[in-house]
1. Before we move on, is residue B:227 away from every other protein chain (no Cβ under 14 Å) and within 30 Å of residue A:239 (Cα to Cα)?
2. Taking the condition touching a Phe, Trp or Tyr at 6+ places or on another chain (Cβ under 9 Å), facing chain B (nearest Cβ under 10 Å), buried (at least 19 other Cβ atoms within 10 Å of the Cβ) and closer than 30 Å to residue A:223 by Cα, does residue A:29 pass?
3. Look at residue B:150 and say whether it is among the β-branched types (Val, Ile, Thr), more than 30 Å from residue A:45 (Cα to Cα) and modelled with pLDDT under 90.
4. Cβ-Cβ under 6 Å, sequence separation 6+ or interchain: first residue in the stretch B:96-121 and facing chain A (nearest Cβ under 7 Å), partner modelled with pLDDT under 90 and assigned to a helix (DSSP H, G or I). Which pairs?
5. Just to be sure before I move on: is residue B:132 more than 8 Å from chain A (Cβ to nearest Cβ) and modelled with pLDDT under 90 in the structure I sent?
6. Among B:239, B:222, B:253, B:284, which is facing chain A (nearest Cβ under 9 Å) and at positive phi?
7. Only one residue in A:217, A:170, A:189 is of a type in the set (A, V, I, L, M), over 28 Å from residue B:123 (Cβ atoms), in contact (Cβ under 8 Å) with a residue 40 or more places away in the chain and part of a helix (DSSP H, G or I), so which one is that?
8. Considering A:115, A:14, which residue is of a type in the set (S, T, N, Q) and closer than 25 Å to residue B:222 by Cα?
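The values are calculated or read from the model by the stated rules, or taken from the named source; none is laboratory data. Please read all numbers here as calculations on a predicted model, not as lab measurements. Cβ: placed from backbone, ideal geometry, glycine included. Neighbour counts: every protein chain shown.
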Amino acid sequence: MMKRKILRYIRIATMWLVALIWILPFVGVFMTAIRPMEEILDGWWNFEKFNLTFENFSKALTHPTASLAQGTKNSLIVAIPATVIPLLIATMAGYGFSRYKFPSKKLTFILIIITLALPQQMIAVPVFQLLNAFGLVDRYLGLILIHSAWGIPWITFFMRNFFSTIPANIEEAARIDGASDFLVFFRIIFPLALPGIASAAALQFTWVWSDFFLALISVYSPEKLLATQRIPLMRGVYHVDWGLLAAGAILVLVVPLTVYVILQKQYVKGMVGWSLK
Amino acid sequence: MNRRARFSHYAFFMLPAVILLALFVVYPSLRTIYLSFFNDEGKLTLESYREVLGSRDTFNPTGFKKGFPLGTILHNLIWIGIHLPLSVMLGLLLATLLRNMPGSSFVKSIIFLGMVMPMIVGGVMIRFMFDKNVGIVNLFLSIFGAEPKTWTAYPESALFSLIFGSIWLWTGFSMVLYSAGLETIPKEYYEAAQIDGAGKIKQFLTITIPLLKPITTVVVTMTLLWELKIFDIVYVATMGGPGGASNVLALQMYSYAFREFDFNKSAVVAVIITLSTLIASVPMIKSSLTQE
């Protein structure tokens with residue numbers, strides 16, 4: 001019994017040690033952001049002098065070439081429609097998938113996994129040329145459309161799995177009462193699917209917000225750059241202003257972090273469900 | 001309802017998705033394949049492949065004698081060789097360690113933070129950890145008497161810094177999936193094994209690991225895809241430098257396409273990445289088909 005108790009203490013100690021190791025870089029970035037430059041130059045872990053300052057944050061928000069106030073606004077302008085549009089479209093497709101039996105179901109299923117594997121680099125150049133042909137280069141609409149298309153396969157996949165858990169006899173009852181498929185979908189299925197939609201929305205929103213590559217290839221005017229695109233610009237070439245960069249990193253991190261904290265259960269469920277069928 | 005009506009409804013639900021996918025995913029992918037095989041005059045040629053595969057950017061044999069860069073293909077392979085086993089095993093170990101522990105959901109949230117943050121922020125964090133003045137890694141190493149330096153700025157250590165930093169970012173993923181998987185294993189299995197006199201380690205090897213196999217398939221596949229597509233972290237932390245010492249395939253594609261405007265060479269790199277991600281996802285396709 002004694003041995004068991006000791007083992008348990010070791011386990012608890014290991015757990016908190018791991019937690020400490022994992023959180024230290026975050027603590028470091030946070031300390032660097034809220035303290036003046038000269039205090040952190042010998043390491044943010046020195047607390048002999050400690051002065052709180054928000055100067056780094058205000059500098060990041062109003063940065064002359066990479067203002068994050070503007071960047072945050074731009075990112076929201078892209079991320080909100082790029083979440084709503086694919087969710088609507090893919091929820092419909094996922095429903096079609098789960099309810100209608102058609103011969104090539106397995107093949108379509110494989111195609112969805114393949115699109116999950118597809119790197120964004122594979123579409124980059126032609127998509128750029130396509131946007132150019134449509135006059136959509138350097139415009140948010142183009143980026144929103146790419147994000148929507150890119151999100152559709154996994155959301156379809158995710159919603160299809162969700163719909164498979166809703167028993168079909170609920171709809172059959174409504175159909176017997178003469179409701180059309182269209183009506184059944186929007187009146188019965190859609191509300192039932194809201195928890196699934198919330199999970200998918202949380203993930204899609206944070207992914208669009210966090211995206212860097214698609215933004216990099218489709219938006220380039222300095223005033224139009226999204227939040228993630230502004231972070232590399234804050235890094236000087238020869239000299240790194242760590243206070244500024246840390247504050248910028250935190251500002252970009254805050255949005256997905258908030259989504260995660262509010263929707264933690266759905267977020268993890270979404271991620272697990274999306275990967276585990 | 002007759003078959004025709006069924007089909008029209010099916011089309012109604014699927015059509016918007018199909019159009020967007022055709023326009024922004026299917027067509028561009030086919031076009032990239034075309035660009036990789038045809039030159040600007042529209043002639044079928046393997047010239048671009050020869051150029052890319054023969055280039056020192058991709059594979060640099062002199063690197064074995066002189067040190068980094070070794071070329072993007074080898075850099076990605078090294079990334080996989082270190083990151084895949086460590087992050088998968090660490091995730092499983094942590095999931096097991098944290099199971100049913102008081103305060104474990106808090107600790108899990110901390111570890112999962114790496115997955116929540118934009119990878120561009122992840123790259124900044126890695127750069128920060130390994131910095132000469134502000135980096136925690138140097139504080140730790142100074143205990144052993146190591147001279148502080150900015151690890152991401154030297155050819156021999158840049159790639160390894162990024163790889164170890166990316167383990168810190170990604171372990172949350174495998175941990176969360178394994179944690180969910182552990183909950184699905186019935187307690188009776190362990191109780192029965194205990195009655196048979198099997199110790200904890202034996203239980204772990206004979207019950208936990210085999211029953212988690214479907215999850216391992218998903219974790220390994222997703223981790224491989226992530227490693228093969230890695231871009232943001234490298235872009236912001238080192239830009240593939242110094243001197244290409246931490247360059248990776250995805251960044252090489254970007255430089256060819258949007259710095260040199262050589263769309264044929266960039267298409268070749270894109271095709272290489274896609275081929276490797278497709279091969280990596282074969283086990284997952286297989287396992288999902290048998291489960292169907």
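1. Details: away from every other protein chain (no Cβ under 14 Å): no; within 30 Å of residue A:239 (Cα to Cα): yes.
For residue B:227, the condition - away from every other protein chain (no Cβ under 14 Å) and within 30 Å of residue A:239 (Cα to Cα) - is not met.
2. On the way: touching a Phe, Trp or Tyr at 6+ places or on another chain (Cβ under 9 Å): yes; facing chain B (nearest Cβ under 10 Å): yes; buried (at least 19 other Cβ atoms within 10 Å of the Cβ): yes; closer than 30 Å to residue A:223 by Cα: yes.
Judged against the criteria, residue A:29 is a match.
3. Details: among the β-branched types (Val, Ile, Thr): yes; more than 30 Å from residue A:45 (Cα to Cα): no; modelled with pLDDT under 90: yes.
In short, no.
4. From residues that are facing chain A (nearest Cβ under 7 Å), the pairs are B:98/B:104; B:116/A:260.
5. Values: more than 8 Å from chain A (Cβ to nearest Cβ): yes; modelled with pLDDT under 90: yes.
Yes.
6. Details: B:222 fails: at positive phi; B:253 fails: at positive phi; B:284 fails: at positive phi.
Just one listed residue meets the conditions, B:239.
7. On the way: A:217 fails: over 28 Å from residue B:123 (Cβ atoms); A:170 fails: in contact (Cβ under 8 Å) with a residue 40 or more places away in the chain.
Only one candidate passes the filter, namely A:189.
8. On the way: A:14 fails: closer than 25 Å to residue B:222 by Cα.
The unique qualifying residue is A:115.
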